[in-house]
Amino acid sequence: MKIENELKQSKFQSNVHKAVVNIMFTNSWLEDQFRQVFKNYKITSQQYNVLRILRGKYPDSLNPSEIKEVMLDKNPDLTRLCDRLLNMDYIDRCVDAANKRKMNIRINETGMEVLRKIDPIIFELNKVKFNLTEDEAMILSDLLDKMRG
């Protein structure tokens with residue numbers, strides 16, 4: 001559906017303004033789509049993001065600053081977020097061998113299993129709900145990269 005219809009607004013300051021509003025609206029819409037999936041697994045999108053990042057480094061671990069550096073949302077209280085994942089038994093904390101004052105975080109098998117359950121749902125959501133071909137998705141991604149600069 002066109003952004004004009006979604007917002008019941010026909011005029012924008014410019015096409016760039018319209019695109020920015022559309023991106024903001026679409027971001028919120030996307031978050032709602034994924035929130036429904038994550039809710040079934042009792043995790044948040046931020047927790048999913050941390051698990052996804054840790055899976056990408058598995059079997060290695062990361063320290064919190066390394067995780068925060070690549071998170072989609074840079075503002076969360078990562079300590080509290082990791083505490084919750086630890087309480088759900090999705091991650092393990094370990095003392096850094098080189099620096100005993102530093103903690104490292106690693107996804108464990110339980111965390112990997114929850115991601116294995118979520119992955120096909122996310123894949124299907126991407127394929128069916130988002131209505132983009134692979135080529136269109138690449139063009140969109142390239143345009144978003146260009147926008148950021």
Matching residues in region 132-149 - criterion: being among the β-branched types (Val, Ile, Thr) and either under 21 Å from residue 42 (Cα atoms) or open to solvent by 80 Å² or more (accessible area, probe 1.4 Å) (or both): 139
Just to confirm my filter: which helices (runs of 4 or more DSSP H) fall fully inside region 36-95 and include at least 1 residues that are open to solvent by less than 80 Å² (accessible area, probe 1.4 Å) and β-branched (Val, Ile, Thr)? 45-57, 64-70
Given the conditions (1) out of contact with any helix residue (DSSP H, G or I) (no Cβ under 8 Å at 6 or more places or on another chain); (2) surrounded by fewer than 15 Cβ atoms within 10 Å (Cβ to Cβ); (3) closer than 30 Å to residue 21 by Cβ, report the number of the one that residue 129 does not fulfil. (1)
Just to be sure before I move on: is residue 115 under 17 Å from residue 43 (Cα atoms), under 17 Å from the mean Cα position of the chain (by Cα) and open to solvent by less than 60 Å² (accessible area, probe 1.4 Å) in the structure I sent? yes
Going through region 96-111 one residue at a time, which ones are open to solvent by 30 Å² or more (accessible area, probe 1.4 Å), hydrophobic (A, V, I, L, M, F, W, C) and under 22 Å from residue 80 (Cβ atoms)? 103
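The values are calculated or read from the model by the stated rules, or taken from the named source; none is laboratory data. The shown structure was predicted, so the numbers you read here are calculated from the model rather than taken from an experiment. Neighbour counts run over all protein chains shown; Cβ positions are idealised from the backbone, glycine included. Areas reflect the complete protein model, heavy atoms only, side chains present, ligands, DNA and RNA absent. Shrake-Rupley method; radii C 1.70, N 1.55, O 1.52, S 1.80 Å.
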